[in-house]
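A.B. asks: Sharing a structure with you now.
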Amino acid sequence: MDARINAVIGANSRYQVGVALIDVTDGVVHEYGVKAKFVAASTAKILAAASYYHLVETGRASLGARMGVSTAGVQIRQMVQQSNNESWALIMGAVGQAGLTDYASSIGISYDRTMNTLTPAETARTLHLLYSGRLLNAENTAQLLSYMRNTNYEALIPAAVPAGISVFHKYGLLFGNLHDASILVGRERACVFVVYTLGKDTSDMAARTRVIQELTRTVTAGVF
């Protein structure tokens, strides 16, 4: 499968493509293509959500707290499921830039909100910690994962996943960046699969969507 993933990336060298893959049973990160940081776009909203849940779990915040026109819990759902940027700003305001940097560092991630950059591997490790129950308690883990299903944009990884495999994901789109970060769960196996791409601008988004879908088919064929 490594060779097939590298072949897809090599055939699309006009774009920057980075892939990270983790089998949840061993937690080993396999990296392909570009390993450097990309502008994470909205994939970083998972990190923001986790950081707020962490405040809740340590008694420093509440999901029922008034935030904007609703509550913090509703804002997290809107931020993840609908990729609402106003909700993201509200959650970030509650967590604080230094708070998020410190939280990311505590889980082994180097993150600066002013730059909003992550490597595919860093995002993959975050999702692996989430799915394995080492990021949040069971209730908050289940809630956050539920928001990562049936989102406002299902055209990337979810569109290429075969029947019978559950998808939990967060896409990102900003200028030339088009990403999808997912957890794929079959009956007997689960993996974290992240694809970050950088192209010219949104004019080549359809072509990079096809690249992400081709990588998805390659990975699901190899894993499941």
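A.B. asks: Would you tell me the accessible area of residue 214, worked out with a 1.4 angstrom probe on the heavy atoms of the protein chains, in Å² to the nearest 10?
C.D. replies: 80 Å²
A.B. asks: Still on this structure, I have one more. Sum up the charges of everything whose Cβ sits under 12 Å from the Cβ of residue 101, counting Lys and Arg as +1 and Asp and Glu as -1, but leave residue 101 out.
C.D. replies: -1
A.B. asks: May I ask you to evaluate 6.51 cos²θ - 1.76 cosθ + 1.60, the Karplus curve with θ = phi - 60°, for each residue of the stretch 195-202 and list the ³J(HN,Hα) values in order in whole Hz, giving x for glycine and proline?
C.D. replies: Each residue's phi maps through the Karplus curve to give 10, 10, 9, 9, x, 5, 5, 6 Hz.
A.B. asks: While we're looking at this one, here's another question. Let me cross-check residue 25: its accessible surface, 1.4 Å probe, with only protein heavy atoms counted, in Å² to the nearest 10?
C.D. replies: Per-residue accessible area (residue 25): approximately 120 Å².
A.B. asks: Calculate one ³J(HN,Hα) per residue across the stretch 34-42 by plugging θ = phi - 60° into the Karplus curve 6.51 cos²θ - 1.76 cosθ + 1.60, and present them in order as whole Hz with x for glycine and proline.
C.D. replies: 6, 9, 7, 6, 10, 5, 6, 6, 6
A.B. asks: Got a sec? What order do 45, 37, 200 fall in by accessible area at 1.4 Å, biggest, i.e. largest, first?
C.D. replies: Listed by decreasing accessible area, they come as 200, 37, 45.
A.B. asks: Explain nothing, just the number: relative contact order of the chain, from Cα pairs under 8 Å at least 6 residues apart, as a whole percent.
C.D. replies: 27 percent
A.B. asks: From the alpha carbon gyration tensor of the stretch 1-113, can you work out the equivalent ellipsoid semi-axes (sqrt of 5 times each eigenvalue) and give them in Å, largest to smallest?
C.D. replies: 33, 16, 13
A.B. asks: Quick one: plug the Kirkwood hydrodynamic radius of the stretch 142-197 (C-alpha pairs) into Stokes-Einstein at 4 °C, 1.567 mPa s, and report D in µm²/s.
C.D. replies: Value of D from the Cα-based Kirkwood radius: 111 µm²/s.
A.B. asks: Let me ask another. Hey, what number do you get for the chain at 222 nm if only DSSP H runs of n ≥ 4 count, each worth -39500 (n - 2.57), divided across all residues, to the nearest 500?
C.D. replies: Helix contribution divided over all residues of the chain: -13500 deg cm²/dmol.
A.B. asks: Counting only heavy atoms of the protein chains, get the accessible area per residue of the stretch 82-224 (1.4 Å probe) and round it to a whole Å² value.
C.D. replies: Result: 43 Å² per residue.
A.B. asks: Checking the cross-link filter: which aspartates and glutamates have an alpha carbon closer than 12 Å to that of residue 37, excluding same-chain neighbours under 8 positions apart?
C.D. replies: 112, 122
A.B. asks: Placing +1 on the Cβ of each Lys and Arg and -1 on the Cβ of each Asp and Glu in the stretch 22-94, which of 91, 53, 33 has its Cα farthest towards the positive end of the resulting dipole?
C.D. replies: Positive-most Cα among the choices belongs to 91.
A.B. asks: Which one, 110, 100, 215, projects farthest toward the positive side of the charge dipole computed for the chain from Cβ point charges (K/R +1, D/E -1)?
C.D. replies: Working it through, the farthest residue towards the positive pole turns out to be 215.
A.B. asks: Further question on the same structure: Evaluate the charge dipole of the stretch 65-151 about its Cα centre and quote only its size in Debye, nearest 20, assuming +1 on the Cβ of each Lys and Arg and -1 on the Cβ of each Asp and Glu.
C.D. replies: 180 debye
A.B. asks: Still on this model: Roughly how big is the chain's charge dipole about its Cα centre, with Cβ charges of +1 (Lys, Arg) and -1 (Asp, Glu), in debye to the nearest 20?
C.D. replies: Roughly 200 debye, rounded to the nearest 20.
A.B. asks: Rounding to the nearest 20 debye, state how big the charge dipole of the stretch 1-50 is about its Cα centre with +1 on each Lys and Arg Cβ and -1 on each Asp and Glu Cβ.
C.D. replies: My answer is approximately 300 debye.
A.B. asks: For the chain, what is the largest minus smallest coordinate of the Cα atoms on each principal axis, given in angstrom and ordered from greatest to least?
C.D. replies: For the chain, the Cα spread along each principal axis is 49, 39, 29 Å.
A.B. asks: When the accessible area of the stretch 31-81 is split by element with a 1.4 Å probe, what percent falls to carbon and sulfur?
C.D. replies: 54 percent
A.B. asks: Is the stretch 102-224 rounded, prolate or oblate when judged by the Cα gyration tensor, a ≥ b ≥ c being the square roots of its eigenvalues, rounded requiring a/c under 1.5 and prolate requiring a/b larger than b/c?
C.D. replies: oblate
A.B. asks: Let me ask you something else. Sorted by accessible area (1.4 Å probe), largest first, how do 13, 146 line up?
C.D. replies: Largest to smallest exposure gives the sequence 13, 146.
A.B. asks: At 1.4 Å probe size, with no ligands or nucleic acids counted, give the accessible surface of residue 2 in Å², nearest ten.
C.D. replies: It works out to around 80 Å².
The values are calculated or read from the model by the stated rules, or taken from the named source; none is laboratory data. No experiment lies behind these values; they were computed from the predicted model shown. Cβ atoms come from the backbone with ideal geometry, glycine included; neighbour counts cover every protein chain shown. Accessible surface is based on the protein model in full, side chains and every heavy atom, while ligands, DNA and RNA are left aside. Shrake-Rupley method; radii C 1.70, N 1.55, O 1.52, S 1.80 Å.
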